[in-house]
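The values are calculated or read from the model by the stated rules, or taken from the named source; none is laboratory data. Worth saying up front: this structure is predicted, and the values here are computed from it rather than measured. Backbone-built Cβ (ideal geometry, glycine too); neighbour counts: all protein chains shown.
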Amino acid sequence: MKISKDHPRYRSLVTRERMAAMVEEGNVSTTGLIAHGRGEAFDYLLGEITVPEAGLAEKVAAALLLRAKHPVITVNGNAAALAARELGDLARATGALVEINLFHRSEERLRKVCDFVEKEMGMKVLGREQDAVLEGIASDRARCTSQGLLAADVVLIPLEDGDRAEAMVKAGKKVISIDLNPRSRTTLAAEVAVVDEITRAVPNMITWAERLGERPEEARAVLEAFRNQDNLAAIMRRICVGLDQGAADRSER
Ligand code: PTJ
């Protein structure tokens, strides 16, 4: 479909078209489109910008990845479709491994997403051969790799489902989420919750990783000072204030 650049929602429409094409190619699951729509709704409530609290969480997330012994970035179909290249750059900037983990798993789709992500990132990823199991999940979604997710101390989980996020925390991993829903189980399970749109969040995290990589003292200090629950509470207040303001503006008309 041809979308006019003048359309006020041009970017959103182009992304939707891309996601739909990715479903046809088999990289994104059909329910991935529903997940994307949920993300869009929350992004709308946040003004489609990186709010200051998200910006802070992105800095802290970069610091946590840099200070990890064995950082891993897990990538699913939606994350791959929206930000595969940038996630590869973030992996390079932080020394993280990349592992493909799918909610709607089939051997064929796993292979397909691995191929796609490797091509986009220009690097090898883990996940083709899943030789380990994440305890606490009763399905194929528990499968992972011993070299990657199972061995990780810090895991970045963009657009992840709540069961797997909670299982990772139970397994003793420090979890960084990227999820626009400030009340999702994934966000609530995370040690550092990035409530921002993935295509904005990841480039910000790369910038911070490059800066903090040269300033280890600052990385340690931002991690120590960060209060995830307070940060999340401020984001929820921001949504409420925005809605109140919108209601007041309407009643004044
Ligand atoms: O590719 P698969 O099979 O592994 O499946 C991937 C999905 C995303 C379908 C699967 O993990 C899933 O069902 O996830 P959930 O439980 O719907 O959670 C996805 C979360 O990501 C939701 O809370 C959305 O609000 C959020 N989200 C969606 N799009 C974005 C987003 N957050 C940030 N940026 C986005 N673009």
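Per this entry, residue 227 is not counted among residues that are of a type in the set (Lys, Arg), closer than 26 Å to residue 11 by Cβ and at pLDDT 95 or above.
Restricting 175, 192 to those that are within 16 Å of the ligand (Cβ to nearest atom), under 13 Å from the mean Cα position of the chain (by Cα), within 24 Å of residue 145 (Cβ to Cβ) and touching a residue at least 24 places away in the same chain (Cβ under 8 Å) reduces the list to 192.
Would you confirm whether or not region 147-166 contains a residue that is within 16 Å of the ligand (Cβ to nearest atom) and of a type in the set (S, T, N, Q)?
In the first step, residues of region 147-166 are kept if they are within 16 Å of the ligand (Cβ to nearest atom); the result is 148-149, 155-166.
Remaining after also requiring of a type in the set (S, T, N, Q): none.
The answer is no; no qualifying residue exists.
For region 40-78, the tally of residues that are within 8 Å of the ligand (Cβ to nearest atom) and within 21 Å of residue 98 (Cβ to Cβ) stands at 3.
Residues considered: 50, 31, 15. Of these, the only one that is among the hydroxyl-bearing types (Ser, Thr, Tyr), buried (at least 17 other Cβ atoms within 10 Å of the Cβ) and assigned to a helix (DSSP H, G or I) is 15. Failed condition for residue 202, given (1) buried (at least 20 other Cβ atoms within 10 Å of the Cβ); (2) in a loop (DSSP other than H, G, I, E, B); (3) within 11 Å of the ligand (Cβ to nearest atom), with all others met? Only one criterion in (1) buried (at least 20 other Cβ atoms within 10 Å of the Cβ); (2) in a loop (DSSP other than H, G, I, E, B); (3) within 11 Å of the ligand (Cβ to nearest atom) is unmet by residue 202, namely (2).
Tell me, yes or no, whether region 148-155 has at least one residue that is in contact (Cβ under 8 Å) with a residue 12 or more places away in the chain, in contact with a His (Cβ under 7 Å, 6 or more places away or on another chain) and outside any helix (DSSP H, G or I). Scanning region 148-155 turns up at least one residue that is in contact (Cβ under 8 Å) with a residue 12 or more places away in the chain, in contact with a His (Cβ under 7 Å, 6 or more places away or on another chain) and outside any helix (DSSP H, G or I). Flag: residue 74 matches the condition of being hydroxyl-bearing (Ser, Thr, Tyr), assigned to a strand (DSSP E or B) and modelled with pLDDT of 95 or more.
Return yes or no: is residue 99 within 16 Å of the ligand (Cβ to nearest atom), at negative phi and assigned to a helix (DSSP H, G or I)? Outline the logic, then answer.
On the way: within 16 Å of the ligand (Cβ to nearest atom): yes; at negative phi: yes; assigned to a helix (DSSP H, G or I): no.
So residue 99 fails the test.
Apart from one condition, residue 142 fits all of (1) modelled with pLDDT of 95 or more; (2) surrounded by 15 or more Cβ atoms within 10 Å (Cβ to Cβ); (3) in contact with a strand residue (DSSP E or B) (Cβ under 8 Å, 6 or more places away or on another chain); (4) not acidic (Asp, Glu); the exception is (1). For region 50-96, a residue qualifies if it is on the phi < 0 side of the Ramachandran plot, without any contact (Cβ under 8 Å) to a residue 60 or more places away in the chain and over 14 Å from the mean Cα position of the chain (by Cα), and the qualifying residues are 52, 92. The set of residues in region 102-125 being within 15 Å of the ligand (Cβ to nearest atom) and among the hydrophobic types (A, V, I, L, M, F, W, C) consists of 102, 103, 110, 113, 114, 116, 117, 125.
I'd like to check something: does region 195-215 contain any residue that is farther than 24 Å from residue 85 by Cα and over 19 Å from the mean Cα position of the chain (by Cα)? Looking for residues that are farther than 24 Å from residue 85 by Cα and over 19 Å from the mean Cα position of the chain (by Cα), one finds at least one in region 195-215, hence yes.
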